[in-house]
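These notes concern the structure reproduced below.
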Amino acid sequence: MKNNIEELKKYFTTIKNNNQNSLREGNTGIGYTFETLINKKEDNLPLPDFNGIEIKTKLGYSKSPLTLFSLTPKKENDRAIKYIIETFGYLDKDNYKTFKTDIYVDKNKIISNKYIFKLKIDKENNLLKLLISDIDLNLINYNIYWNLDDIKNRLETKFKYLAYIIGYPYKRYNRTYYKYNNLKIYKLKSFNNFIELLEKQKIYITINIEYFKKGKRIGEIHDRGTAFRLSTENIEDLFELIDKI
């Protein structure tokens, strides 16, 4: 791994010392541009980006959380995603059902003033459960879950090593450029740290489901991912800093 880290550091130093014009508009441009410059093709695979190292590139002024990975929940005898949007979804401005919310362990999240969602770690059965109640705390469903072994495998497959890169955009001749300022290399501490951060509500889950509104799949469910996220100020609670530029 030491050689892979050194190779990434060489790439970063070359990129840092040059003006890099954005290869894509919008907030994802900074990551897409960097990964293109190191010959990384865009994908959604649950694998690290660069020779065993997951790369996360962030705008310096952004307070957005770090998305660790996505993992779809399970439900006995049914599709969890379909059940959630059809049962608990609410109408958007185009009159399509949608469902997007952040959910924490042992913290009630009110949805549409009708339902309460929260996560519960069931260590006895090795599960992370999604508990859904009505507004009077009568339990509606407790059969949606993630297996903790699946979570552990996804985390350790993708995030044994993390390259965390900060950059800033600027305008030049009406074009967007990026200045990549610093690189930090981290190593995952342990899955126990991950569980502790879930319990402390520093790691949480974002569920994001809607319907396709145009194209060949119009009217079908569009699962945008069930993401496990970490507040960036808590990175060193989950990862150990091992190198930096």
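The values are calculated or read from the model by the stated rules, or taken from the named source; none is laboratory data. For clarity, every value in this text was computed on a predicted model and none was experimentally measured. Neighbour counts run over all protein chains shown; Cβ positions are idealised from the backbone, glycine included. Keep in mind that these areas ignore ligands, DNA and RNA; they rest on the heavy atoms of the full protein, side chains included. Shrake-Rupley method; radii C 1.70, N 1.55, O 1.52, S 1.80 Å.
Observations on the structure shown:
- Full-extension gain in nm, Asn4 to Glu220, via 0.36 nm per residue minus C-alpha separation: 73.6 nm
- Charge tally in the Cβ shell below 11 Å around Gly167, where Lys, Arg are +1 and Asp, Glu are -1, Gly167 excluded: +3
- Accessible area of the chain divided out per residue, in Å², using a probe of 1.4 angstrom: 56 Å²
- Theoretical ellipticity at 222 nm over the chain - DSSP helices of four or more residues, -39500 (n - 2.57) apiece, nearest 500: -6500 deg cm²/dmol
- Summed residue charge, Cβ within 15 Å of Lys63's Cβ, Lys/Arg positive, Asp/Glu negative: +2
- Under DSSP loop assignment and at most 16 Cβ neighbours within 10 Å, longest GluC sites (Glu not before Pro)-free interval of the chain: 125-219
- Charge dipole magnitude, Cβ of K and R +1, D and E -1 - region 17-75, Cα centre, debye nearest 20: 280 debye
- Within the set (i) 29, 20, 17; (ii) 42, 18, 16; (iii) 35, 23, 15, the number that semi-axes √(5λ) of the Cα gyration tensor in Å takes when calculated for this structure is listed as (iii).
- Cα pair distances exceeding 18 angstrom across region 123-193, given as percent: 66 percent
- Its Cα centre serving as origin, the chain has a Cβ charge dipole (Lys and Arg +1, Asp and Glu -1) of approximately 940 debye.
- For region 58-89, the residues whose amide N sits under 12 Å from a probe point set 7 Å from the Cα of Ile38 along the beta carbon direction are 58.
- Considering only Thr87, Asn147, Phe159, the residue lying farthest towards the positive end of the dipole of region 48-170 is Phe159, judged by Cα position with unit charges set on Cβ.
- Cut-off 15 Å between beta-carbons: net charge of the residues surrounding Ile144, Lys and Arg +1, Asp and Glu -1: +2
- When both region 117-188 and region 190-245 are represented by their alpha-carbon centers, they are found 2 Å apart.
- The stretch between Ser231 and Ile135, if pulled fully straight at 0.36 nm per residue, gains 31.7 nm over its current Cα-Cα span.
- Judged by the gyration tensor of its Cα atoms, with axes a ≥ b ≥ c, region 55-152 is oblate; a/c meets the 1.5 cut and b/c is at least as large as a/b.
- Region 141-245 - charge dipole about Cα centre, Lys and Arg +1 at Cβ, Asp and Glu -1, debye rounded to 20: 860 debye
- Cα shape, region 115-245, gyration tensor, a/c 1.5 rule: oblate
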